[in-house]
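Single-structure report; data block below.
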Amino acid sequence: MVVTTMAEELAAHRFFRTIPSDLRERLAGCARNVVFAPGERICVEGTHASGFFAIRTGRVNVGIYVPHQGLQVLETRHAGDVLGFSWLFPPYRWQIDAVAGERVRAIELHADCLLPYLEEHPAGGYLLVRMFAQEMEETIQSTRLRLLDVYGRDRVHAR
Amino acid sequence: MSTLAEPRGPGVAARGSMTPIPHRVVDVVHETRETVTLTLEPVSDGIVAPVAGQFTMLWAWGAGEVPISVSALAADGRLVHTIRDVAGVTKTLCASRQGDVLGVRGPYGCGWGIDAARGHDLVIVAGGIGLAPLRPVVHAVLAERSEFGRVSLVVGARTEQELLFRAELDEWWHRHEVDVRTIVDRSSPGWSGSVGVVTGELVGLEIDPASTRAMVCGPEVMMRVVAQHLTDRGVAASAIEVSVERNMQCAVKTCGHCQVGPFFACTDGPVLPWDVVASLLTVREL
Ligand code: FES
């Protein structure tokens, strides 16, 4: 059996691939492996955002619960993505609901452990915040593209 | 860099005649609320058999003529076209019934580089009606599966209801010979697949840039972000083909309506390598 350390598992994840190994080691100390069954809720809107998840396998449906209509899925996060920005900012409350679309294996990183370290080590904190900012930009861009309704506008004839 | 002097496809066919050849509608399949697949049979002589990625000019008597890609390669001179009703001529074509007669000329343009993809991994990305011209590619791959490496098909649509060829997608998925992934812009009750833009599904694909070729067809904005994603991951721009859509009128490089910079979509395209068109597709009003 091959035993991998948490730092190695982080290194294998797209999000953490490029960060310096010393920071990765530190993040590994705040991380644990988690598994969610299909349909299991991963985070609940309005509750305390205690950290974030780096998805290793599976799909996570992210959305908002609407009374009598259930979860309205707004986007899907995939293997290689991270889930959760709310842990970074007050009031540290989940703004979204997330449910495992299939069996999900993820690495959970805990804010209680991470935030004090990042406050004390601004270089690592800056790097991590930049990485999250890039994820947010990609999420915003994906939302913009969908607002554009490209398929609805595709007035293509030759297809 | 790719050059269009290289032979990349069948090129212009049947250039001599501008006269539509009568074909009878023998089958009508309503794929989605606004998309119809017509199977046509020549009334007497047919046209030269098209290849994947080519298009014909379909003529509805009294309404006009539009370019439509072939969505399957049929035997016996039959033609299969999938048409989205975007008003005008396409509305008339989509309202066709069995027995109606339409005019056809073509086939025109350069098709997908299926031969160049042999021995390579293949990533096929289709958005909306863009799956129609790529469907013959999937058929070709499945017919000779061992000729290709890993093959992935990522299909994007506005909603689940607007996904084309749903039954066939399920069948391909169950065969496990092609990694089929679907993603919609907006979820609806009962949809258990992904929600987002097609690049969301590409993130999880294992891609070996050196041995990957890609074929992309959909709205131009979508093709741009997909090509960007693939090149960011190291896939050569010359290994990515896109199907360029332009207003086509003559289809034989005469009217100039389909010009994209120095190229004519009707004869140099519609399938063009990304390294050739990338800079042109970001020019406004081109
Ligand atoms: S459609 Fe007339 S030149 Fe291409």
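The values are calculated or read from the model by the stated rules, or taken from the named source; none is laboratory data. A quick note: this is a predicted structure, and the numbers were derived from the prediction, not measured. A quick note on method: Cβ atoms are made from the backbone with ideal geometry, for glycine too, and the neighbour counts reach across all protein chains shown. Heads up: the accessible areas ignore ligands, DNA and RNA and are worked out on the full protein's heavy atoms, side chains in. Shrake-Rupley method; radii C 1.70, N 1.55, O 1.52, S 1.80 Å.
Exactly which chymotrypsin sites (Phe, Trp or Tyr not before Pro) in the stretch B:26-116 are in a DSSP loop and have at most 10 other Cβ atoms within 10 Å?
Details: sites: B:Phe55, B:Trp59, B:Trp61, B:Tyr108, B:Trp112; in loops: B:Trp61, B:Trp112.
Those that pass, being in a loop and sparsely packed, number zero.
Tell me the total accessible area that B and A bury against each other, 1.4 angstrom probe, in square angstrom rounded to 100. Let's see the in-between values first.
Numbers: alone 12570 and 9710 Å², together 19600 Å².
Summing both sides, the interface buries roughly 2700 Å².
How much of the accessible area of chain A, probe 1.4 Å, is carbon plus sulfur, in whole percent?
Working: 4580 of 8320 Å².
After summing per-atom areas, the C and S share lands at 55 percent.
Considering protein heavy atoms only and a 1.4 Å probe radius, which residues within the stretch B:198-214 exhibit an accessible-area decrease of no less than 50 Å² in the full assembly relative to the chain by itself?
By number: B:Val203.
With springs connecting C-alpha atoms under 10 Å apart, model chain A as a Gaussian network and identify which of A:Phe16, A:Phe89, A:Phe52 has the largest mean-square fluctuation.
A:Phe89
Per-residue mean of other chain beta-carbon atoms within 10 angstrom of the beta-carbon, peptide A:139-149? Mind showing how you got there, number by number?
Working: counts 2, 0, 3, 7, 2, 1, 9, 7, 1, 5, 4.
What the average comes to for A:139-149 is 4.
On a full-extension model of 0.36 nm per residue, what is the gain between A:Gln72 and A:Arg32, subtracting their alpha-carbon distance, rounded to one decimal in nm?
Numbers: separation 40, 0.36 × 40 = 14.40 nm, distance 2.88 nm.
So the extension gain works out to 11.5 nm.
By its C-alpha gyration tensor, with a ≥ b ≥ c as the square roots of the eigenvalues, how is the stretch B:114-238 shaped: rounded for a/c under 1.5, else prolate for a/b larger than b/c, else oblate? Before the final figure, lay out the partial values.
Numbers: a/c = 1.78, a/b = 1.26, b/c = 1.42.
Note, shape of the stretch B:114-238 comes out oblate.
May I have the extent of the alpha carbons of chain B along their three principal axes, as whole Å values ordered from largest to smallest?
For chain B, the Cα extents along the three principal axes come out at 48, 47, 39 Å.
What's the extension gain from B:Ser146 to B:Asp208 if we count 0.36 nm per residue and subtract their Cα-Cα distance?
Working: separation 62, 0.36 × 62 = 22.32 nm, distance 1.79 nm.
The B:Ser146-B:Asp208 span can extend by a further 20.5 nm.
Given the options A:Ser50, A:Ser142, A:Ser86, which has the most mean-square fluctuation in a GNM of chain A, springs set between C-alpha atoms less than 10 angstrom apart?
Greatest mean-square fluctuation among the candidates belongs to A:Ser142.
Taking every residue in A:71-77, how many Cβ atoms of other protein chains lie within 10 Å of its Cβ, on average?
On the way: counts 1, 5, 10, 4, 8, 9, 5.
That works out to 6 on average.
Between beta-carbons, use under 14 Å as the cut-off and find the net charge around A:Arg24, counting Lys and Arg +1, Asp and Glu -1.
Working: positive: A:Arg14, A:Arg17, A:Arg26; negative: A:Glu8, A:Glu9, A:Asp22, A:Glu25.
Summing Lys and Arg as +1 and Asp and Glu as -1 gives -1.
Return one whole number: the accessible area per residue of the stretch B:114-238 in Å², for a 1.4 Å probe. Each step should come with its number before you reach the end.
Numbers: 4550 Å² over 125 residues.
On a per-residue basis, 36 Å².
Run through all the Cα pairs of the stretch B:205-261 and give the fraction in each 10 Å bin from 0, expressed as whole percent.
All Cα pairs considered, the percentages come to 22, 40, 24, 13, 1.
With a 1.4 Å probe and every protein chain kept in, tell me what percent of the accessible surface of the stretch B:21-108 is carbon plus sulfur. Walk me through the numbers before you get to the answer.
Numbers: 1780 of 3480 Å².
Roughly 51 percent of what the probe reaches on the stretch B:21-108 is carbon or sulfur.
Which parts of the stretch B:169-197, residue by residue, lose 50 Å² or more of accessible area when the rest of the protein chains are there, as against the chain isolated (1.4 Å probe)?
Relative to the lone chain, where solvent access is computed with a 1.4 Å probe, the stretch B:169-197 loses at least 50 Å² at B:Asp185, B:Val195, B:Val197.
Suppose we keep just the DSSP beta bridges with both residues in chain B; what percent of those would be antiparallel, to 5? Let's see the in-between values first.
Working: 36 of 60 bridges.
In chain B, approximately 60 percent of DSSP beta bridges are antiparallel ones.
Only loop residues by DSSP count here, and only those with at most 16 other Cβ atoms within 10 Å; note down the GluC sites (Glu not before Pro) in the stretch A:3-58 that meet that. The partial results should precede the final answer.
Numbers: sites: A:Glu8, A:Glu9, A:Glu25, A:Glu40, A:Glu45; in loops: A:Glu40, A:Glu45.
For GluC sites (Glu not before Pro) across the stretch A:3-58 that sit outside H, G, I, E and B with at most 16 neighbouring Cβ atoms in 10 Å, the list reads A:Glu40, A:Glu45.
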